[in-house]
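The values are calculated or read from the model by the stated rules, or taken from the named source; none is laboratory data. Given the structure is predicted, the values throughout are model-derived calculations rather than measurements. Counting neighbours? That spans all protein chains shown, and the Cβs are built from the backbone with ideal geometry, glycine included. Side chains are part of the model used for accessible areas, which takes the heavy atoms of the whole protein and leaves out ligands, DNA and RNA. Shrake-Rupley method; radii C 1.70, N 1.55, O 1.52, S 1.80 Å.
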Amino acid sequence: MGSHRGHPPPPLLCPPPPAPAHREHLYALATLDDPHALLERATELTLAFRAAADRAMEFQAMAAAQLADPRHFDRLTTADISERAEWTEDYAKKMVEFGRDLLRGDDPGTT
């Protein structure tokens, strides 16, 4: 299978909010005058984005494991997966294993 490069990205299910005029207006952080409130809100956003990124990575791993499943006639190689996800092949192999653990219900942190 070929690369997705050169193809338009798939449509989003919900459009992103309009880009702020300036980066510092992200989530109205620039409007907060109280440094205590600013630190609290910025910390909440940082933790939320980290959690979302971690969860998205888990879904990437599960998808990679499903795509590499040898039981499927149309399975992809780790080279194919690495190209699609823009990973190194070694990283793709690790993500496939991580995804298999997740799909089995194993806690990857304890294996």
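Sort largest first and round to whole Å: the equivalent ellipsoid semi-axes of segment 61-111, each the square root of five times a Cα gyration tensor eigenvalue.
Numbers: eigenvalues 67, 36, 9 Å².
Ellipsoid semi-axes (Å, largest first): 18, 14, 7.
Within the accessible area of segment 37-93, what % is carbon and sulfur when the probe is 1.4 Å and the other protein chains stay in place? Working shown, then result.
On the way: 2260 of 3950 Å².
Ligands and nucleic acids excluded, carbon and sulfur reach 57 percent.
What distance in nm separates the simple spin-label points at residue 34 and residue 66, each placed 7 Å from Cα in the Cβ direction?
Each label point is offset 7 Å from its Cα along the Cβ direction, giving 4.5 nm.
When you count, for each residue, the other Cβ atoms within 10 Å and take the mean per peptide, how do 80-89, 43-52 rank with the highest first? Could the numbers behind the result be given before it?
On the way: 80-89: 16.6, 43-52: 10.5.
In decreasing order of mean packing, 80-89, 43-52 become 80-89, 43-52.
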